[in-house]
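*Asks:* Please see the structure below; I have some questions.
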Amino acid sequence: MLANHFPFNIMIKPCGPQCNLACEYCYYTSKERLYPGADFRMSYAMLEEFTRQMIDAQMGTEVPFIWQGGEPTLMGLDFYQEAVRMQNKYTKPHQKIINILQTNGTHITSEWCAFFREHHFLIGLSLDGPPRIHNDYRYDKSGNAQFGLVMQAVRHLKMTKLTLISCVACMTRTSTTRERYTNS
């Protein structure tokens, strides 16, 4: 009767509001300023306790871990290797772990992609449209455009034969006009 239970989902923000970008429309980047000097990074002890409780609390067969940010890749690949190790440690025989990671793509390398493929991660990528639109709203904290890095991530994902499960685009009044897409 475990199959009749749907998993509950929690969005895990292992680095809180920390992000390498300063997207014009982001409501979350200002949250970092609310706690000056705070270390938002999830400790390995907290990761282990969260993982254990998340797995124990699921009544069904699927256990979803949805990683989001800020930018979750700022935690580094070692963090996610440890997360998978802990998931394997606590998963019960009837359970299936599902890892989903939403990223801005700017840190995705072939090494990240090999890890994602090996551990069956589902990836969501934030991309607001063609360069002219994406770069109008998504830039790093020095004001540099990021479209090229995101497209590099797409190439890495394709070469590793990873499937994007979503492409998140923030639409604004300016970015949704027909002219913006047809003339980019």
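*Asks:* Using the 10 angstrom Cβ neighbour count as an exposure proxy, how do SER110, SER30, SER142, SER126 rank, fewest first?
*Replies:* Ascending number of Cβ neighbours within 10 Å: SER142, SER30, SER110, SER126.
*Asks:* Counting only pairs 8 or more residues apart or on different chains, how many lysine pairs in the stretch 7-182 have their Cα atoms under 22 Å apart?
*Replies:* So the count works out to 6.
*Asks:* Top mean-square fluctuation among ILE108, ILE123, ILE98, Gaussian network model of the chain, C-alpha springs under 10 Å?
*Replies:* Of ILE108, ILE123, ILE98, the most mobile in the Gaussian network model is ILE98.
*Asks:* Return the long-range amide H neighbours of THR103 (sequence gap of 5 or more, or a different chain), with a cut-off of under 5 Å between placed amide H atoms.
*Replies:* Under 5 Å from the amide H of THR103: GLY124, LEU125, SER126.
*Asks:* Mind sorting ASP140, ASP56, ASP128 by how few other Cβ atoms lie within 10 Å of their own Cβ, fewest first?
*Replies:* With the fewest neighbours first, ASP140, ASP56, ASP128 line up as ASP56, ASP140, ASP128.
*Asks:* Could you put TYR137, TYR90, TYR35 in order, starting from the residue whose Cβ has the fewest other Cβ atoms within 10 Å?
*Replies:* Lowest to highest Cβ neighbour count: TYR35, TYR90, TYR137.
*Asks:* Follow-up. Test of understanding: in a Gaussian network model of the chain with alpha carbons linked when under 10 Å, which of GLY37, GLY16, GLY105 would top the mean-square fluctuation ranking?
*Replies:* GLY37
*Asks:* Count the DSSP beta bridges whose two residues both fall in the chain, then state the antiparallel fraction as a percent rounded to the nearest 5.
*Replies:* Approximately 10 percent, going by the DSSP bridge assignments.
*Asks:* Only Cα pairs within less than 10 Å get springs; with that Gaussian network setup on the chain, which residue of THR163, THR73, THR29 has the largest fluctuation?
*Replies:* Looking only at THR163, THR73, THR29, the largest GNM fluctuation is found for THR163.
*Asks:* Report the net charge of residues surrounding ARG85, where surrounding means a beta-carbon distance below 15 angstrom and charges are Lys +1, Arg +1, Asp -1, Glu -1.
*Replies:* Charge balance in the 15 Å sphere: -3.
*Asks:* Okay, moving on. Calculated FRET efficiency, LYS31 and ASP56, Cβ-Cβ r, R0 41 Å, to nearest 0.05?
*Replies:* E between LYS31 and ASP56, to the nearest 0.05, is 0.90.
*Asks:* If each DSSP helix of 4+ residues adds -39,500 (n - 2.57) and the sum is divided by the residues in the chain, what number results at 222 nm, nearest 500 deg cm²/dmol?
*Replies:* Only helices count here, giving -10000 deg cm²/dmol.
Computed from the coordinates by the stated procedures, all read-outs in this text should not be read as laboratory data. Small disclaimer: the values here were computed from a predicted structure and weren't measured. Cβ: placed from backbone, ideal geometry, glycine included. Neighbour counts: every protein chain shown.
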